[in-house]
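Here, each number is a calculation from the coordinates, and none is a lab measurement. What you are looking at is a predicted structure, and each value in this text was computed from that prediction instead of being measured. Cβ coordinates were reconstructed from backbone atoms using ideal geometry, including for glycine residues, and neighbour counts include every protein chain displayed.
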Amino acid sequence: MASIFSKIIAGEIPSYKVAETDDFLAFLDINPNAKGHTLCIPKKEVDKIFDLDEATYTELMKFSRKVAIAIEKAVPCKRVGMTVIGLEVPHVHVHLIPLNTMEDARFTSKASLKSDDFEAIAKRISSYL
Ligand code: AMP
């Protein structure tokens, strides 16, 4: 069965897109640790990051770096953190999280955003790419 992220790639379920190439997609996390929390994924559906072939892994990191630099410009924060977990969705994703305190990195406290907030922040990050 296709992962929820493959369904986002296929346009079967909605997302707040930040960046897209032929092989990668960046979109906002729907339950963000902080405003601007973004996921970068390869379009190829692979469960675990270290199972990616080396070229895709390297290109994912390059794509994530570009998106992270745009997030840092778009969202007031001390720095952008990068985390890979994957216990919830079995489709490789890199979490890029604007960090101000350690709490923002912990996945315990969540930011509550309205649809308008998601749309505005996705647009703002995109504008810095
Ligand atoms: P994990 O697999 O533990 O790295 O976490 C998966 C992440 O995907 C969580 O932070 C979820 O909030 C996020 N997520 C799950 N479904 C969606 C969705 N439909 N759109 C955006 N983010 C999602």
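Some observations on this one:
- Cβ-Cβ FRET estimate between Lys123 and Ile85, R0 fixed at 30 Å, reported to 0.05: 0.65
- Charge sum, other residues only, whose C-beta stays under 13 Å from Pro76's C-beta, Lys/Arg counted +1 and Asp/Glu -1: +3
- Relative protection proxy for 46-53, 117-124, from highest mean packing down: 117-124, 46-53 (other beta-carbon atoms within 10 angstrom).
- Between region 60-129 and region 16-37, the Cα center-to-center distance that results, in Å: 7
- At full extension, Lys73 and Thr21 could sit 16.7 nm farther apart than now, given 0.36 nm per residue minus the alpha carbon distance.
- Cα-based helix-to-principal-axis angle, 54-74 vs the chain, degrees rounded to 10: 20
- Global geometry of region 1-109, whether rounded, prolate or oblate, following the gyration tensor of its Cα atoms and the 1.5 cut on a/c: prolate
- Pairs exceeding a 20 Å alpha-carbon distance, out of Lys35/Lys114; Lys35/Lys110; Lys44/Lys114; Lys17/Lys44: Lys44/Lys114.
- Remark: relative contact order (region 63-129) = 39 percent; criterion is Cα-Cα distance under 8 angstrom and separation of 6 or more residues.
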